[in-house]
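A short worksheet on the structure shown next.
Values quoted throughout were computed directly from the atomic coordinates according to the rules given, and no laboratory measurement underlies them. Note that the structure is predicted; figures quoted are calculated from it, not measured. So basically every Cβ, Gly included, is an ideal-geometry build from the backbone, and we count neighbours across all protein chains shown.
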Amino acid sequence: MSSAAPSPGTPTVLPADRQKIVDLGFVPVRAKLIEVAAFLDRVERYGVASDYRCVAMRAALSALADGKPERARRILESFSDPTTEPDAVSTGKAAYGAYRPPGA
């Protein structure tokens, strides 16, 4: 365990509370990971794993496992529309949970 000081804006966690982070969070997060794995198994089984949303999910999973900080922010941004210019005409696009690149 690192003894480095927390970065600014990081809440202070007392030593007695550190283990609770794992004790309370592990089982629900484990269930979510199994759900993601089951989803990916289904889309592969039915031959739709190349859908842009599935591609985005696999990219997000890479970020999840890369060990770098700010995973939540980076994953959220990976699903977001990176364009900065508004559409000239509304496409009526709905929220699909992931950015759909042109031609996808």
Complete set of residues in the stretch 73-92 that are surrounded by fewer than 10 Cβ atoms within 10 Å (Cβ to Cβ) and within 25 Å of L40 (Cβ to Cβ): P82
Just checking, how many residues over the stretch 93-104 are small (G, A, S) and closer than 20 Å to L40 by Cβ? 3
